[in-house]
Amino acid sequence: MNQMNENKHIIDAPSTNEEALNDLLDNMYITNVERRLRDLNNPTVNDKKRWIWELIQNAKDTIANNPTRNGINVRIELEGDIVRFKHDGAPFTAKSRLGLLYKYSDGKESQESTGRFGTGFLTTHCLSKIVTIESNMYKDKEQTELCGFQVTMYRDGLVKNDLLDGLRKMKSTDTFFDELFDWTTFTYHVNSDTGREAIKLGVENFHENITQTMLFCQELHSIVLDDNGRSTTIIRKPIQTLSDNVFLATFEITGEKHCTRRFYLYSF
């Protein structure tokens with residue numbers, strides 16, 4: 001210990017220090033989200049189409065640094081004004097969970113991971129700014145023990161004080177469980193015509209592009225879209241090698257009254 005401090009008695013940090021730290025973190029959060037959330041009061045057509053792809057990207061990123069996982073499965077459930085996006089990817093770490101809640105991302109952490117829960121995830125708020133998350137997280141740094149958690153984001157404020165109230169409300173819902181969830185689930189509580197249009201445009205864009213997306217996102221093994229009881233399932237079949245650097249990818253698409261296959265030849 002420094003000789004100057006030999007005769008000083010160590011005490012607990014003043015409560016004002018913790019209060020100041022919390023205020024600083026809250027204001028950093030506001031700085032991170034305020035402008036983009038304001039933009040999403042009037043989202044572009046592109047924003048309204050992108051929400052599914054942003055959620056799929058984040059689901060894929062959960063296994064980017066996990067050598068024991070090579071793929072994920074996704075379910076999208078639409079029920080009136082409720083949108084549920086589910087995936088069976090890897091659990092959250094404490095850091096990635098806080099990144100979700102406070103909109104923090106390391107950015108390009110690796111070539112595979114494109115930075116979870118950054119600006120792209122904010123785009124999904126074109127559906128709704130009230131989102132409930134249910135998932136699992138590692139309780140320890142060694143990633144040997146898991147617990148479940150549930151929390152609801154309230155990002156529907158228009159000004160700073162409203163956003164801070166939403167942040168406090170979010171903190172009050174943060175709950176942990178001994179029991180684990182089977183799926184990571186994001187539930188969007190849609191309550192506007194803009195959100196309903198985003199559902200419509202997102203689903204249309206999904207049907208137009210899902211197999212092409214799966215072709216380039218090989219971690220996505222299967223996806224189910226349940227659109228108010230009308231179900232579509234897309235499953236990746238084993239890739240066939242036709243010759244040196246030439247491959248055939250096959251996707252099976254099953255609806256209520258049909259089953260088709262889509263084929264792609266590609267090389268690299």
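The values are calculated or read from the model by the stated rules, or taken from the named source; none is laboratory data. Given the structure is predicted, the values throughout are model-derived calculations rather than measurements. Glycine also receives a Cβ, built like all others from the backbone with ideal geometry; neighbour counts cover every protein chain displayed. When the accessible area is computed, the model is the full protein with side chains, heavy atoms only, and any ligands, DNA or RNA have been set aside. Shrake-Rupley method; radii C 1.70, N 1.55, O 1.52, S 1.80 Å.
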### Enumeration of residues in region 53-63 that are of a type in the set (A, V, I, L, M, F, W, C) and either surrounded by fewer than 18 Cβ atoms within 10 Å (Cβ to Cβ) or touching a strand residue (DSSP E or B) at 6+ places or on another chain (Cβ under 9 Å) (or both)
LEU55, ILE56, ALA59, ILE63
### Query
Hey, among the residues in region 99-144 that are part of a loop (DSSP other than H, G, I, E, B) and at pLDDT 95 or above, which one's most open to solvent (accessible area, probe 1.4 Å)?
LYS129
### Message
If a residue must be β-branched (Val, Ile, Thr) and touching a residue at least 12 places away in the same chain (Cβ under 8 Å), how many such residues does region 252-268 contain?
### Response
2
### Task
Kindly indicate which of THR194, THR233, THR173 is surrounded by 14 or more Cβ atoms within 10 Å (Cβ to Cβ), within 28 Å of GLN150 (Cα to Cα), free of Cβ contacts under 8 Å to residues at least 60 places away in the same chain and among the β-branched types (Val, Ile, Thr).
THR233
### Task
Please work out which one of (1) buried (at least 20 other Cβ atoms within 10 Å of the Cβ); (2) more than 19 Å from VAL83 (Cα to Cα) is the condition HIS221 fails and give its number.
(1)
## Note on the structure
ARG84 meets each of (1) open to solvent by less than 40 Å² (accessible area, probe 1.4 Å); (2) modelled with pLDDT of 95 or more; (3) of a type in the set (Lys, Arg) with one exception, condition (1)
### Query
Out of all the residues in region 44-52, is one or more touching a residue at least 60 places away in the same chain (Cβ under 8 Å) and either open to solvent by 80 Å² or more (accessible area, probe 1.4 Å) or part of a strand (DSSP E or B) (or both)?
yes
### Query
Just for region 163-188: of the residues that are among the aromatic types (Phe, Trp, Tyr) and assigned to a strand (DSSP E or B), which one is nearest to the chain's Cα centre (by Cα)?
PHE186
### Query
Of the residues that make up region 202-217, is at least one part of a strand (DSSP E or B), of a type in the set (Ser, Thr, Tyr) and more than 19 Å from the chain's Cα centre (by Cα)?
no
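Mind listing whichever residues of region 145-162 are among the acidic types (Asp, Glu), part of a loop (DSSP other than H, G, I, E, B) and more than 20 Å from SER96 (Cβ to Cβ)?
ASP156
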### Task
State whether one or more residues within region 31-42 are more than 18 Å from CYS126 (Cβ to Cβ) and either buried (at least 17 other Cβ atoms within 10 Å of the Cβ) or not small (Gly, Ala, Ser) (or both).
yes
### Summary
Among (1) under 21 Å from the mean Cα position of the chain (by Cα); (2) at pLDDT 90 or above, ASN42 falls short only on (1)
### Task
For PHE247, state whether it is more than 28 Å from LEU101 (Cα to Cα), part of a strand (DSSP E or B), open to solvent by 30 Å² or more (accessible area, probe 1.4 Å) and not β-branched (Val, Ile, Thr).
yes
### Query
So which pairs qualify, if the first residue must be in region 200-211 and open to solvent by less than 80 Å² (accessible area, probe 1.4 Å), the second must be not basic (Lys, Arg) and not in a helix (DSSP H, G or I), the Cβ gap must be under 7 Å, and the two must be at least 6 apart or on different chains?
VAL203/ASP227; PHE206/LEU225; ILE210/ILE223; ILE210/ILE234; THR211/ILE234; THR211/PHE251
